[in-house]
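The values are calculated or read from the model by the stated rules, or taken from the named source; none is laboratory data. All figures in this text were calculated on a predicted structure; none of them were measured in a lab. Quick reminder, even Gly has a Cβ in these numbers, built from the backbone with ideal geometry, and neighbours come from all protein chains shown.
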Amino acid sequence: MGVYVITGANRGIGLEFVNQLSSDPSSTVIASTRSLSSDLSALKSLNKQHNNIHVLECDTSSFPSIHAFSLAVSKIIGSDGKIDYLLNSAAIQDIKDDSSLQLTEHNLLSHIQTNVLGPAEMVKSLLKHLQKGSVVMNMTSGIGSLSFSKRSDVPTMHTTYSISKAALNMLTVHQACDLGKDGRGVIVVCMDPGWVKTRMGGEGAIMEKGDSVNGMLKCLRGLKEEDSGRFWNSSGEEVPW
Ligand SMILES: NC(=O)c1ccc[n+]([C@@H]2O[C@H](COP(=O)([O-])OP(=O)(O)OC[C@H]3O[C@@H](n4cnc5c(N)ncnc54)[C@H](OP(=O)(O)O)[C@@H]3O)[C@@H](O)[C@H]2O)c1
């Protein structure tokens, strides 16, 4: 039950959120996708089964697109409507297995644009709908954890992407502080979904989407105000920064 806004909802983990959340007819599920002209067959098929899904366009790398999306959200939930859960799942990993010696300005900036500025602008743009008890989830990765990356038994990898996720982690701490102030009471957390079988997870991924999303929803629904600004995984355990 509640109003859920999900980015990157046409495939992967975002789509699985829509799948699980839409099965409760009392929930309103706002599923956003980069472009309404991309392949939305999976989302459309869910939409046929459940009439609580609203499919909207939102390219999270484009501020005008985010602003247009937030106006469309207001039309659905009303100008003072509350978003119970904002699930920032959309992200890119356009380059894999790169090292710090291969880092390029172009790649880092494009990852920051989508993976960091996207969730930042989404929160700014939807601010009036984030009210006491609302939860914002920024989907990060275990490899955005500095503690994890400096373990000697774990090779550093995916430099560009992991830097963008480490930046997203810091954004989350700041958002948690800013949205927790003055009795606002919005909870903001980072979530590591695990190594999940999606296009991004690639070959070798070990977790089913259903298990990851089920675990994340359980964790998100159990969060209290004092859990804001913290980093969690899909088993509901806290992850060190
Ligand atoms: N899978 C894993 O093992 C794993 C591990 C750690 C963290 N994560 C995180 O989990 C989240 C979901 O990943 P996933 O595995 O589901 O990846 P995925 O299968 O590659 O899906 C990524 C989703 O993000 C969307 N997206 C990318 N750029 C976008 C943009 N500019 N605007 C709107 N949507 C955009 C994609 O849309 P298009 O179809 O239009 O490209 C797609 O829907 C990401 O934040 C990822 O970093 C995943």
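Pull up the stretch 74-98, narrow it to residues that are away from the ligand (no atom under 16 Å from the Cβ) and hydrophobic (A, V, I, L, M, F, W, C), then point me to the one that is farthest from VAL135 (Cα to Cα).
In this case the residue turns out to be ILE76.
Are any residues in the stretch 137-169 hydrophobic (A, V, I, L, M, F, W, C) and either more than 10 Å from the ligand (Cβ to nearest atom) or more than 11 Å from TRP241 (Cα to Cα) (or both), and if so, which ones?
MET137, MET139, LEU146, PHE148, VAL154, MET157, ILE163, ALA166, ALA167, LEU168, listed by residue number.
Of the residues GLY204, GLY194, which is closer than 30 Å to HIS106 by Cβ and at pLDDT below 95? Step through it out loud before you land on a result.
Working: GLY194 fails: at pLDDT below 95.
Answer to the selection: GLY204.
Only residues that are part of a loop (DSSP other than H, G, I, E, B), among the charged types (D, E, K, R) and closer than 20 Å to LEU86 by Cβ: list them for the stretch 182-241, please.
ARG184, LYS224, ARG230
Do you know which residues across the stretch 17-63 are in contact with a Cys (Cβ under 8 Å, 6 or more places away or on another chain) and surrounded by fewer than 15 Cβ atoms within 10 Å (Cβ to Cβ)? If you could, list the steps in order and put the result at the bottom.
At the first step, the residues of the stretch 17-63 found to be in contact with a Cys (Cβ under 8 Å, 6 or more places away or on another chain) are 32-34.
Within the stretch 17-63, none qualify.
Could you list, in sequence order, all residues of the stretch 201-241 that are within 16 Å of GLY144 (Cα to Cα) and under 14 Å from the mean Cα position of the chain (by Cα)?
Selection gives PHE231, TRP232, ASN233, SER234.
State yes or no: is ALA72 of a type in the set (Gly, Ala, Ser), closer than 17 Å to ILE6 by Cβ and touching a residue at least 60 places away in the same chain (Cβ under 8 Å)?
In short, no.
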